[in-house]
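Q: Please read through the structure below; I'll follow up with questions.
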Amino acid sequence: NAGVTQTPKFQVLKTGQSMTLQCAQDMNHNSMYWYRQDPGMGLRLIYYSASEGTTDKGEVPNGYNVSRLNKREFSLRLESAAPSQTSVYFCASSVSGKGTGELFFGEGSRLTVL
Amino acid sequence: DQQVKQNSPSLSVQEGRISILNCDYTNSMFDYFLWYKKYPAEGPTFLISISSIKDKNEDGRFTVFLNKSAKHLSLHIVPSQPGDSAVYFCALTGANSKLTFGKGITLSVRP
């Protein structure tokens, strides 16, 4: 049982390049999330999907787009990468978007934008 | 405007002693409080939680205390073990059901 799987684990981009971070969960969870973690900043919500077919902006959505491809998969796209997007990105899922808030996280994807 | 504050960036304790990690919040609308633990190169994992109707929740060596009037949350680890060395995040949720995380505290437990 893999839980939440993110790919790639590491990526180096040049400014202006685009890329997509992939996330899949096998726990039949309804809600999925993308967070970024920066030194001294904790975890900040980029986008989330409360259920299949819906997506909403979080705290720091600028420069990103998301797609909830199906119940299992939630991708994060950087259309034109900027050095400010250098960060560690975490995908997470939960049974639902309401209630206890317990999230299950992937191992993270470390992105460097030069 | 920081809604969730973990003012001490790090804490070092001796193995066997108590670790106390603190978290303060400003928004009284938060009604569910969680602690996550994170090892290097791994994603955060859920540790323990408490709802606003309680003031204490215990799970083995881990106890979370909630003081709503002071808007203060704390995690006690007794006894502390070297394997507890990690970054600990408090996370709060309210009516919008989205988690707001603190910046994290790095705990080091010395053998």
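Q: Please find, within segment B:36-67, the residue that is farthest from the other protein chains (Cβ to nearest Cβ) out of those that are open to solvent by 50 Å² or more (accessible area, probe 1.4 Å) and of a type in the set (A, V, I, L, M).
A: Within segment B:36-67, the match that is farthest from the other protein chains (Cβ to nearest Cβ) is B:I53.
Q: Continuing with the same structure: Given (1) within 13 Å of chain B (Cβ to nearest Cβ); (2) farther than 25 Å from B:Q2 by Cβ; (3) open to solvent by less than 10 Å² (accessible area, probe 1.4 Å); (4) touching a residue at least 40 places away in the same chain (Cβ under 8 Å), where does A:V95 come up short, assuming only one miss?
A: Evaluating A:V95 over (1) within 13 Å of chain B (Cβ to nearest Cβ); (2) farther than 25 Å from B:Q2 by Cβ; (3) open to solvent by less than 10 Å² (accessible area, probe 1.4 Å); (4) touching a residue at least 40 places away in the same chain (Cβ under 8 Å) leaves (3) as the failure.
Q: Would you check which residues across segment A:68-86 are under 19 Å from A:K9 (Cα atoms) and either within 12 Å of the chain's Cα centre (by Cα) or of a type in the set (S, T, N, Q) (or both) and list them?
A: Scanning segment A:68-86 gives A:E73, A:F74, A:S75, A:L76, A:R77, A:L78, A:S84, A:Q85, A:T86.
Q: Which pairs do you get when a residue that is touching a residue at least 24 places away in the same chain (Cβ under 8 Å), found in segment B:9-35, comes within reach of a residue that is open to solvent by 70 Å² or more (accessible area, probe 1.4 Å) and assigned to a strand (DSSP E or B), reach meaning Cβ atoms under 6 angstrom, with the pair 6+ apart or on two chains?
A: If the second residue must be open to solvent by 70 Å² or more (accessible area, probe 1.4 Å) and assigned to a strand (DSSP E or B), the pairs left are B:Q14/B:R110; B:D24/B:K5.
Listed here are the residues, each with its yes/no results for (1) small (G, A, S); (2) within 13 Å of the chain's Cα centre (by Cα); (3) modelled with pLDDT of 95 or more; (4) in a strand (DSSP E or B).
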residue	(1), (2), (3), (4)
B:N57	no, yes, yes, yes
B:T63	no, yes, yes, yes
B:L66	no, yes, yes, yes
B:L75	no, yes, yes, yes
B:P79	no, no, yes, no
B:G83	yes, no, yes, no
B:Y88	no, yes, yes, yes
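Q: Right, another one. Let me spell it out: the conditions are (1) under 13 Å from the mean Cα position of the chain (by Cα); (2) over 23 Å from B:N7 (Cβ atoms); (3) of a type in the set (S, T, N, Q), and B:S51 meets all of them except one. Which number is the exception?
A: (1)
Q: Right, here's the next one. Within segment A:1-80, which strands (runs of 3 or more DSSP E) (wholly inside it) include 1 or more residues that are away from chain B (no Cβ under 14 Å) and within 14 Å of A:S93 (Cα to Cα)?
A: A:19-25, A:64-68, A:74-78
Q: Tell me, which residue of segment B:71-99 that is within 14 Å of chain A (Cβ to nearest Cβ) and among the polar types (S, T, N, Q) is farthest from B:Y39 (Cα to Cα)?
A: Among residues in segment B:71-99 that are within 14 Å of chain A (Cβ to nearest Cβ) and among the polar types (S, T, N, Q), the one farthest from B:Y39 (Cα to Cα) is B:N96.
Q: Collect the residues in segment B:90-107 that are touching a residue at least 12 places away in the same chain (Cβ under 8 Å) and either acidic (D, E) or part of a loop (DSSP other than H, G, I, E, B) (or both), keeping them in residue-number order.
A: Of everything in segment B:90-107, those that are touching a residue at least 12 places away in the same chain (Cβ under 8 Å) and either acidic (D, E) or part of a loop (DSSP other than H, G, I, E, B) (or both) turn out to be B:G94, B:A95, B:L99, B:G102, B:K103, B:G104.
Q: Working only within segment B:68-111, note down all residues that are over 30 Å from A:V60 (Cβ atoms), of a type outside the set (S, T, Y) and open to solvent by 50 Å² or more (accessible area, probe 1.4 Å).
A: Residues satisfying the conditions are B:V78, B:P79, B:Q81, B:P82, B:R110, B:P111.
The values are calculated or read from the model by the stated rules, or taken from the named source; none is laboratory data. None of the values given here were measured: they were computed from a predicted structure. So basically every Cβ, Gly included, is an ideal-geometry build from the backbone, and we count neighbours across all protein chains shown. Note: accessible area is taken over every heavy atom of the protein model, side chains too, but ligands, DNA and RNA are not part of it. Shrake-Rupley method; radii C 1.70, N 1.55, O 1.52, S 1.80 Å.
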